[in-house]
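Structure record follows, encoded as structure tokens.
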Amino acid sequence: MLVPDVKSRPQYQQLRFDPSGRFHLFVGQGDGGLALLRVRPELPESAEIRVIYTGESLTGCDLSEELAGCGWRQLKVLTTQVAALQMLDEVLEQSLMGTRLYVAGSEGFIGAAEQVAARYNLQSDELQREHQGSSARRVFCVHCQTSQDDVTTNIVLCRGCGRHLLVRDHYSRRLAAFMGGMADAEVPGCLPELREGFG
């Protein structure tokens, strides 16, 4: 159900080094490693840079070895997205004014990283996002407030309340998820055709 021009949908751009920052934190997941590899030659040797990366992704793209081979002074490779986000939280807790955050990966991962950044009041001009890899969605059930990740179809069974949810194009930045509402609310048992939509 991709509706063009939905204003709530996140807009992504290619990562670019921001010379106004004092400390630069790059966080990548799966295919997002491609963005980190691309931006690496732009980075001045004098810049204070830290990199957090996890190869865990739906696409199976793990660029850990390639990233390790391109000379990052402070690179931490983690096995799971949860561990990468936890380390992001720990690093931001110690960060000072002038921190710039660069995030690359799937929409769900970017949204989760944005939620961590919001706890430390990073502003939009201090955060860059580049979508790489799967377009699978994180879906928030408007009925039971449960979220589930890696949804690739227009209809998903909520793991919280068991309702069939229609995956909407409306995106909540606060929840870092697309909204899911009961797909057969008007005619119980009558569901739209199941389609792959966000692989």
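The numbers here are math on the coordinates, done by the rules we state, and not lab data. Computed from a predicted model, the values in this text were never measured in an experiment. Cβ placement follows ideal geometry from the backbone for every residue including glycine, while neighbour counts extend to all protein chains displayed.
Just a few scattered comments:
- Other-chain or far-sequence residues with amide H under 5 Å of Gln128's (modelled H): Leu101, Tyr102, Val103
- Here is how the number arises for the chain: DSSP H runs of 4 or more residues each give -39500 (n - 2.57), the sum is divided by the residue count, and the result at 222 nm is -5500 deg cm²/dmol.
- Taking a Cβ cut-off of under 13 Å around Ile49, the surrounding Lys, Arg, Asp and Glu residues balance to a net charge of +2, with basic ones at +1 and acidic ones at -1.
- Distance histogram in 10 Å bins (all Cα pairs of the range 137-182, percent per bin): 35, 61, 4
- A simple charge model with +1 on the Cβ of Lys and Arg, -1 on the Cβ of Asp and Glu and nothing else charged puts the dipole of the range 23-131 at about 140 debye relative to its Cα centre.
- Taking the charge dipole of the chain about its Cα centre, with +1 at Lys and Arg Cβ atoms and -1 at Asp and Glu Cβ atoms, the residue from Gly108, Thr80, Asn121 reaching farthest to the positive side is Asn121.
- Within the chain, antiparallel bridges make up roughly 30 percent of the DSSP beta bridges whose residues both belong there.
- Cα-centred dipole magnitude for the chain, charges only on beta-carbon of K, R (+1) and D, E (-1), debye, nearest 20: 360 debye
- The range 64-110: C-alpha gyration tensor shape, a/c 1.5 cut-off, then a/b vs b/c: oblate
- Centroid-to-centroid separation of the range 1-79 and the range 104-131 [C-alpha atoms, Å]: 11 Å
- Among beta bridges that DSSP assigns inside the range 137-182, antiparallel share in %, nearest 5: 80 percent
- Ordering of 12-18, 125-131 by packing is 125-131, 12-18, highest average first (other Cβ atoms within 10 Å, averaged per residue).
- Whole-number Å³ per residue for the convex hull built on Cα positions in the range 23-131: 91 Å³
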